[in-house]
Every structure is written in C-alpha cells, then in structure tokens.
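Asker: Below is the structure I would like to discuss, written out as structure tokens.
The values are calculated or read from the model by the stated rules, or taken from the named source; none is laboratory data. Fair warning: this is a prediction, and the values are worked out from it, not measured in the lab. Methodologically, a virtual Cβ is constructed for each residue, glycine included, from the backbone with ideal geometry; neighbour enumeration extends over all protein chains shown. Side chains included, ligands, DNA and RNA excluded: accessible areas come from the protein's heavy atoms. Shrake-Rupley method; radii C 1.70, N 1.55, O 1.52, S 1.80 Å.
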Amino acid sequence: LAASLWGIASGVAVAPACAVVAVVPWLPPTVPAPARPMHVGAYLLVTIFICLVSNLRARREAAATDADTGFDSPLASWLRAVLWGAVLVPLTAFVAASWWGYERAVADAQAAAQRTAILVRDHAQRTFEVAELIARRARDAAAGDDAAVRAREPEIHARLADMVAGLPAVVNLNVWDADGRPVARSDRYPTDRRVSVADRPYFLQERDAPVPLGISEVLTGRQTGLELINASLRRSAADGAFAGVVSVSLAPSSFRDYYRSLAADNPSLARFSLMRSDGAILASWPPADAGAGARRVAPDDEVFARVKQGERAGHLELSSRRDGQRRFASFQRVGDYPLYVVCGVSRAAMLAGWLRFVALLAAVLAPVTAGLTYVSLVALRKTRREHAIMAALNEAVSRGAAAEKGMLERQKLETLAQLTGGVAH
C-alpha cells in the first residue's frame with residue numbers, strides 16, 4: 001500500500017519494519033520461531049514484486065505525462081524490473097532458505113540432545129532400580145544378628161553370587177555390620193574381616209541420616225582396587241538400631257561404555273555425564289581428566305545451576321569449559337534418585353551439516369541468478385541502444401521536416417513578394 005500510494009522508497013522503508021515486528025519476540029504480533037524464515041521470506045518476495053510493479057507503473061505514468069523527461073520505453077522499464085527481480089528474488093530466497101535451514105538444524109540438534117538424554121536417563125534408571133532391588137533382596141537374605149549371618153555365610157555368599165550373575169554393571173554385592181566390617185559378599189568367600197568401610201561417606205550417611213537408596217561418589221574399592229559407585233541400603237536390628245549396610249558396587253566403566261557406543265553411532269553427540277544432585281560426577285564421556293576437581297561440576301556450571309533450582313529436565317546452549325565449543329545440552333533427572341544425566345550435542349557438528357546445505361543451495365542458485373541477470377542486462381542494453389537509435393532517427397527526420405518546411409515557407413514568401421511587386425508595378 002505504501003509503495004502504491006507514496007512510491008517505491010516508502011515501500012522499501014515499510015517492508016523491513018513489518019519484518020522486524022514479525023521477528024522480534026516481545027513485539028506482538030509475533031510469528032512462531034519455526035515459521036519465521038518461510039513467512040518472512042515469502043513476505044519479502046511479495047514485497048519485491050509489489051515495489052517493482054509500483055515502480056514500473058510510476059515510470060509509465062511519468063512517461064505518459066511528460067514525453068521529454070528521458071524515461072525509458074515501456075519495454076526498457078519492464079526489462080529493468082526483470083533485472084532487479086533476477087537479482088533480488090534469488091538472493092531473498094537464498095537468505096530465507098539458509099535461515100530456515102539454520103533454524104531446522106538448531107531444532108534438530110536440540111531434539112537429538114533431548115532424545116539422547118531420555119535414552120541415557122532410562123539406562124541409568126534401570127541400572128539403579130536393579131541395584132536397589134538386589135540390595136533389598138540381599139538385606140532380606142542377611143536378616144538377623146551378625147553372628148547368625150556369619151554362621152550362614154556360605155549360603156548367603158551363594159545367594160548373593162546368584163543375584164549378581166548376568167549383571168555386567170554390578171561388580172559385587174556386600175553386607176557390612178555396624179562397625180563397617182564385611183559379613184558376606186558375592187565375589188569372595190570367606191570375606192576378609194580386616195577390611196573396614198566405617199569411614200566411608202555412604203556408610204556414615206546410612207548410619208546417621210539414612211535415605212531410601214544412598215548413592216556414593218566414585219570410590220576405589222579397598223578389596224578390589226577398582227573404581228566403584230556404591231548403592232547402599234541401611235540394615236536395621238530388631239529394635240531398629242543401626243546394624244550396618246548392604247551395598248551394591250557398580251562399575252562406572254559400564255556407563256562410560258554405553259555412552260561411548262552412543263557417540264560412535266552419532267558423532268554429533270559430544271558429551272555425556274552422570275552426576276549426583278550435589279554436583280559429584282559419577283561417569284562421563286569423553287572421560288574427565290585426572291584429579292579430584294574433575295569429579296565435581298564447577299559451582300557456576302549452567303546446568304548445575306538449574307539442577308539446584310529443582311528442575312527435573314531442561315535444555316540450553318552453553319560453552320564447554322574443556323574446549324570452549326558451544327553445545328546444545330539437555331539434562332534429565334533419573335527417576336526419584338538424586339541423579340541427573342546430561343547429554344551435549346556439538347554446535348560445530350550441527351553447523352557443518354547446515355554449511356553443506358548452504359553451499360549446495362548457493363551452487364544451485366548462483367549460476368541461475370548469474371544467467372538471469374546476464375540475459376536481462378543484455379536485453380536491457382540492446383533495448384536502450386535501439387531506443388537511442390530510434391530517438392536519433394526521429395530527431396533527424398524531425399530536423400529534415402523542419403528544414404523542408406522552412407524552405408517551403410521561404411519560397412512561399414518569395415513568390416508572394418514577386419506577385420506583390422508585379423501588381424504594384
């Protein structure tokens with residue numbers, strides 16, 4: 001409307017303002033983010049068409065009212081519009097399609113991170129549910145006072161070994177007394193009574209402030225020498241007093257192997273981690289660097305900040321502290337356990353696919369745009385030359401006609417003078 005009423009300059013000024021209104025989220029009305037590239041691209045294409053048609057009509061009206069203004073012929077004006085269209089239409093389509101491809105790539109990366117996080121969460125949840133189940137069964141099998149349990153150690157050992165058979169994530173299953181000494185275990189008989197876990201945080205927690213299922217940090221087993229994650233339950237005496245714990249030792253390597261298999265199937269999956277709600281990292285892929293600090297999340301970590309706020313799930317874009325790369329991260333809470341899984345998708349891998357799409361689109365549109373522009377430019381130049389030749393010819397004919405008319409007027413005056421002189425004589 002602005003281009004039709006006030007000219008192409010007004011139309012060009014109004015069009016970006018309308019596009020900005022549609023894109024800015026806090027300025028209603030707003031087009032939804034997934035639909036913005038196509039809506040804005042189609043709108044700008046229509047804008048280009050309207051402005052070119054309005055400009056073409058304005059040139060025709062000006063040429064009709066004043067033939068001496070030097071405006072192009074109708075054909076030249078039409079070819080000028082085609083030339084601008086040959087440049088602007090493919091360029092606008094390229095920008096809109098590239099924008100759409102970028103938004104699509106971002107959405108796909110976020111969806112991939114979320115799907116993988118749910119998959120990893122389900123894996124961790126099943127693992128700890130199985131650990132809790134066999135811990136409860138082991139507690140029932142080792143019920144009674146410690147003297148009676150030790151008297152039945154061969155039988156209990158056999159039952160514990162049967163419980164963990166076929167569970168590759170479980171290293172062993174242990175029953176400890178109130179002093180932190182072993183009563184029975186699944187992988188060894190008889191047990192070594194000299195070993196004690198009375199100073200372990202998970203043992204102290206079950207003694208002082210028991211939880212439904214205690215989950216320890218990554219520990220080094222004092223009997224196996226292996227990295228372990230202990231899922232523990234409190235043992236209670238007949239009077240309710242603390243009688244020890246039952247612990248299921250899980251291998252962090254089983255989680256890492258699972259994460260590695262997922263990363264091998266999808267290289268864009270850049271990071272996996274299993275952590276407690278207090279920030280202790282239990283397993284990660286790629287493996288964290290050696291050191292105590294590598295087993296805890298940084299206090300100002302963006303995901304950890306949202307975990308501390310009580311969120312059970314979410315996704316965000318953040319920068320990796322290890323390599324500085326941007327990633328799309330999705331986190332999920334593991335059931336009702338104090339555990340979270342985090343999955344990160346590499347932004348660089350996402351952009352690599354998008355850049356291939358943009359390069360292919362440019363390879364298709366560039367020759368088409370160049371061809372249309374060249375043909376339109378050649379036709380416009382040829383039309384202008386022909387128009388200039390016709391104008392020069394018309395001017396020459398006009399000058400010849402004017403000279404002939406002047407000669408006839410002079411002859412007419414001379415004849416009239418001679419006739420007048422003769423009459424006077």
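Asker: Six or more apart or on different chains, Cβ under 6 Å: which pairs go from a residue in the stretch 4-22 that's at negative phi to one that's at pLDDT below 80 and surrounded by fewer than 12 Cβ atoms within 10 Å (Cβ to Cβ)? Could you list them?
Answerer: These pairs meet every condition: Val21/Leu27.
Asker: Follow-up question, since we're still on this one. So which residues in the stretch 368-406 are within 30 Å of Ala93 (Cβ to Cβ) and more than 55 Å from the chain's Cα centre (by Cα), if there are any at all?
Answerer: Result: no residue meets the conditions.
Asker: Moving on to the next point. Going by what's in this entry, would Ala264 be described as closer than 24 Å to Ala111 by Cα and either of a type in the set (A, V, I, L, M) or part of a loop (DSSP other than H, G, I, E, B) (or both)?
Answerer: Yes.
Asker: Select from the stretch 161-173 the residues that are surrounded by 15 or more Cβ atoms within 10 Å (Cβ to Cβ) and touching a helix residue (DSSP H, G or I) at 6+ places or on another chain (Cβ under 8 Å) and list them in ascending order.
Answerer: Those that are surrounded by 15 or more Cβ atoms within 10 Å (Cβ to Cβ) and touching a helix residue (DSSP H, G or I) at 6+ places or on another chain (Cβ under 8 Å): Met163, Val164, Leu167, Ala169, Val170, Asn172, Leu173.
Asker: Also, quick follow-up: What are the residue pairs meeting all of these: first residue in the stretch 213-235, first residue farther than 12 Å from Phe128 by Cβ, second residue open to solvent by 10 Å² or more (accessible area, probe 1.4 Å) and β-branched (Val, Ile, Thr), Cβ atoms under 7 Å, and 6 or more apart or on different chains?
Answerer: Listed by first residue and then by second, the contacts come to Arg222/Val195; Gln223/Val195; Thr224/Val171; Leu226/Val171; Glu227/Val218; Glu227/Thr220; Leu228/Val171.
Asker: With the structure loaded, tell me whether Val95 is more than 30 Å from Leu173 (Cα to Cα), of a type in the set (A, V, I, L, M) and at pLDDT 80 or above or whether it fails that test.
Answerer: Taking the combined requirement at face value, the residue satisfies it.
Asker: If a residue must be surrounded by 13 or more Cβ atoms within 10 Å (Cβ to Cβ) and closer than 14 Å to Trp100 by Cβ, how many such residues does the stretch 1-33 contain?
Answerer: 2
Asker: Here are Ala348, Ala329, Ala370, Ala401: which of them is closer than 25 Å to Val297 by Cα and open to solvent by 40 Å² or more (accessible area, probe 1.4 Å)?
Answerer: After applying the criteria, what remains is Ala348.
Asker: Now for a different question. Please state which of the following conditions Leu360 fails to meet, knowing it meets all the rest: (1) open to solvent by less than 80 Å² (accessible area, probe 1.4 Å); (2) within 30 Å of Ser98 (Cβ to Cβ).
Answerer: (1)
Asker: Ok, one more. Among the listed residues Ala158, Ala117, Ala111, which satisfies the condition of being farther than 18 Å from Val248 by Cβ, part of a helix (DSSP H, G or I) and without any contact (Cβ under 8 Å) to a residue 24 or more places away in the chain?
Answerer: Exactly one of Ala158, Ala117, Ala111 is farther than 18 Å from Val248 by Cβ, part of a helix (DSSP H, G or I) and without any contact (Cβ under 8 Å) to a residue 24 or more places away in the chain, namely Ala111.
Asker: A further question follows. Please state which one of Asp179, Asp187, Asp192 is over 46 Å from the mean Cα position of the chain (by Cα), crowded, with 17+ Cβ neighbours inside 10 Å and under 18 Å from Val149 (Cβ atoms).
Answerer: Asp187
Asker: Got at least one residue in the stretch 204-226 being farther than 15 Å from Ile281 by Cβ, open to solvent by 10 Å² or more (accessible area, probe 1.4 Å), touching a Ser or Thr at 6+ places or on another chain (Cβ under 6 Å) and not basic (Lys, Arg)?
Answerer: Looking for residues that are farther than 15 Å from Ile281 by Cβ, open to solvent by 10 Å² or more (accessible area, probe 1.4 Å), touching a Ser or Thr at 6+ places or on another chain (Cβ under 6 Å) and not basic (Lys, Arg), one finds none in the stretch 204-226, hence no.
Each row is one residue, and each column tells you yes or no for (1) among the small types (Gly, Ala, Ser); (2) closer than 26 Å to Asp278 by Cα.
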residue: Gln309; (1), (2): no, yes
residue: Ala313; (1), (2): yes, yes
residue: Phe328; (1), (2): no, yes
residue: Leu339; (1), (2): no, yes
residue: Gly344; (1), (2): yes, yes
residue: Ala363; (1), (2): yes, no
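Asker: Any residue at all in the stretch 304-321 that's under 21 Å from the mean Cα position of the chain (by Cα), at pLDDT 90 or above and part of a strand (DSSP E or B)?
Answerer: Yes, because at least one residue in the stretch 304-321 is under 21 Å from the mean Cα position of the chain (by Cα), at pLDDT 90 or above and part of a strand (DSSP E or B).
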